[in-house]
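Scroll down for the structure; my scribbles are underneath it.
The values are calculated or read from the model by the stated rules, or taken from the named source; none is laboratory data. Model, not experiment: these values are computed from the prediction. No Cβ is skipped: glycine too gets one built from the backbone with ideal geometry, and neighbour counts run over all protein chains shown.
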Amino acid sequence: MQEMLHRVNLASCLVLWITSCAITLAVDPNDYMARALQLMSETPLIDGHNDLPWQLRSQFNNQLNKVDLNTLANTHTNIPKIKDGRLGAQFWAAYVPCDTQYKDAVRQTLEQIDVIHRMCQKYPEIFMFASSSQDILKAFNMNKTASLIGVEGGHSLDSSLGTLRTMYQLGVRYLTLTHSCNTPWVDNWLVDTGSEPSEHNGLSSFGKQVIAEMNRLGMLIDLAHVSEEVMNQVLTLSKAPVIFSHSSAYAVCPHKRNVPDDVLRRVNETKGIVMVNFYNDYVTCSNTAKLSDVADHFDHIKKVAGADIIGFGGDYDGVPRVPEGLEDVSKVPNLVAELLRRGWTDEEVKAALGNNLLRVMSEVEKIRDSMSNEIPDDVPIPNEDVQNPCRTSFGYPSTTGSNGSAHSLSTLALLITLVLQAWITSTV
């Protein structure tokens with residue numbers, strides 16, 4: 001009997017060994033594309049930034065009923081390209097231009113959030129709306145593209161913590177602190193070029209409130225587009241790891257939208273992530289680029305700060321020029337294969353594909369949970385910091401008397417004018 005059991009065990013071990021060998025040999029290690037597709041079937045490709053919603057705005061005024069994402073041809077992104085690119089999860093950008101600042105930025109941003117939700121509702125077999133790290137994994141297991149929202153630019157808040165909280169409740173899971181303009185509380189990357197003045201030496205006092213409230217909410221802080229001073233201030237202030245949703249390596253291409261080596265090291269120390277941008281101007285600092293040039297950024301970041309801080313942030317449909325070999329969303333497996341050809345291990349590739357972002361998002365959620373007993377910050381930005389013709393000042397103490405009636409400077413000036421006119425008339 002014991003001899004029979006021994007033979008059964010040996011046979012079982014032999015079967016397991018043969019099976020493991022078959023699985024290992026199923027993909028030729030020198031067939032980099034086959035390996036890439038295998039890894040992408042095991043780990044979700046999570047892209048940090050895609051501007052398809054802006055294309056829906058600019059081309060169709062968000063009339064989604066007039067669009068078929070199965071056949072849309074003049075964009076980097078459509079449903080067939082998403083499938084071919086093995087896109088596991090996407091942060092869709094709710095972006096509106098800096099021209100909307102002090103005007104209708106909040107309304108337009110809400111409309112971009114709305115079109116992302118409607119896109120998920122129109123194509124439920126393709127997209128699953130997601131707002132957590134677990135949602136991403138759930139969608140991946142259902143063979144759907146997890147669809148998350150990132151608001152690109154702090155001007156979309158109109159300097160309001162209440163607006164920040166409302167957007168979080170609508171599913172927004174990251175905020176890019178600036179686009180290419182300063183806000184009343186934070187400086188953008190153009191400050192580093194000298195083309196715009198620094199207005200806050202990085203973050204204002206209210207800007208620091210925004211960082212703290214984002215930590216409390218569990219919203220990812222995105223440092224793409226900010227000045228270098230802001231990068232360092234936030235890396236010091238934030239309790240949670242940060243992201244660069246679509247930025248590359250400054251040492252490879254010295255463009256101020258890219259991330260310097262010293263900041264890369266700090267991202268490593270704080271366990272954040274830099275999601276590499278594919279825009280030619282940030283890849284080679286010229287109009288042309290190749291897939292291999294993008295891979296150079298991956299290699300450099302890995303060399304300086306490790307593979308654990310790297311991700312994909314293509315910026316598709318938000319830029320006019322992308323590299324040869326990465327012409328649209330469907331081509332991303334080519335880049336994965338190139339990393340494997342360069343000697344990246346399977347674990348390093350899987351980290352860059354999605355595991356790094358999942359780790360960062362999970363940690364942000366843990367920080368949120370640890371702060372669950374903290375009350376929301378309801379101290380508004382100082383009125384003097386947001387003076388502009390399109391903004392009212394209701395609620396600020398300096399404009400409200402003890403009886404609740406509003407007294408504006410214009411009203412006071414009118415009263416003085418009337419008194420002077422009456423005095424002049426009486427003396428003539």
Worksheet entry | Subset of the range 273-295 [touching a strand residue (DSSP E or B) at 6+ places or on another chain (Cβ under 6 Å) and either surrounded by fewer than 24 Cβ atoms within 10 Å (Cβ to Cβ) or among the small types (G, A, S) (or both)] | K290
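For the range 236-250, give me the residue count where each residue is under 13 Å from V283 (Cβ atoms) and either part of a helix (DSSP H, G or I) or touching a residue at least 40 places away in the same chain (Cβ under 8 Å) (or both).
So the first thing to find is which residues in the range 236-250 are under 13 Å from V283 (Cβ atoms), and the list is 246-250.
Add one more test, that the residue is either part of a helix (DSSP H, G or I) or touching a residue at least 40 places away in the same chain (Cβ under 8 Å) (or both), and what stays is 246-249.
Selection size over the range 236-250: 4.
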Item to complete: Give the residue, chosen from F206, F140, that is modelled with pLDDT of 95 or more, closer than 22 Å to P241 by Cα and more than 19 Å from the chain's Cα centre (by Cα).
Response: F206
Worksheet item: Which members of the range 130-165 meet the condition of being under 13 Å from A94 (Cβ atoms) and surrounded by fewer than 22 Cβ atoms within 10 Å (Cβ to Cβ)?
Response: T163
Discussion item. Among the residues in the range 82-89, are any touching a strand residue (DSSP E or B) at 6+ places or on another chain (Cβ under 9 Å), modelled with pLDDT of 95 or more, buried (at least 19 other Cβ atoms within 10 Å of the Cβ) and within 18 Å of Q169 (Cα to Cα)?
Written reply: no
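Applying the selection to the range 319-347, what residues are small (G, A, S) and either crowded, with 21+ Cβ neighbours inside 10 Å or farther than 17 Å from S248 by Cβ (or both)?
Going residue by residue through the range 319-347, those that are small (G, A, S) are 325, 330, 337, 343.
Once the filter is applied, which keeps residues that are small (G, A, S) and either crowded, with 21+ Cβ neighbours inside 10 Å or farther than 17 Å from S248 by Cβ (or both), the range 319-347 yields S330, A337, G343.
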Item to complete: Specify which of the listed residues (V332, V304) is β-branched (V, I, T), under 18 Å from A89 (Cα atoms), in a helix (DSSP H, G or I) and in contact (Cβ under 8 Å) with a residue 24 or more places away in the chain.
Response: V332
Worksheet item: Does L72 fit the bill of being aliphatic (A, V, I, L, M), touching a helix residue (DSSP H, G or I) at 6+ places or on another chain (Cβ under 6 Å) and surrounded by 14 or more Cβ atoms within 10 Å (Cβ to Cβ)?
Response: no
Response to the item:
Only one of (1) part of a helix (DSSP H, G or I); (2) surrounded by 11 or more Cβ atoms within 10 Å (Cβ to Cβ) does not apply to N65, and that is (2)
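So that you can scan it fast, the table gives a plain yes or no per residue for (1) within 16 Å of Y316 (Cβ to Cβ); (2) in contact (Cβ under 8 Å) with a residue 40 or more places away in the chain; (3) assigned to a loop (DSSP other than H, G, I, E, B):
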| site | (1), (2), (3) |
| --- | --- |
| W54 | yes, yes, no |
| A94 | yes, yes, no |
| E111 | no, yes, no |
| Q121 | no, no, no |
Practice prompt. Return a yes/no flag: does the range 113-136 have any residue that is under 17 Å from the mean Cα position of the chain (by Cα) and over 19 Å from Q169 (Cβ atoms).
Written response: yes
Practice prompt. Being farther than 26 Å from T166 by Cα and modelled with pLDDT under 55 narrows it down to one of S398, S408, S426, so name that one.
Written response: S408
Worksheet item: Given the conditions (1) assigned to a helix (DSSP H, G or I); (2) at pLDDT 50 or above, and given that C13 satisfies all but one, which numbered condition is not satisfied?
Response: (2)
Worksheet, complete the sentence: Residues of the range 360-392 being farther than 30 Å from Q101 by Cα and in a loop (DSSP other than H, G, I, E, B), in sequence order, are M371, S372, N373, E374
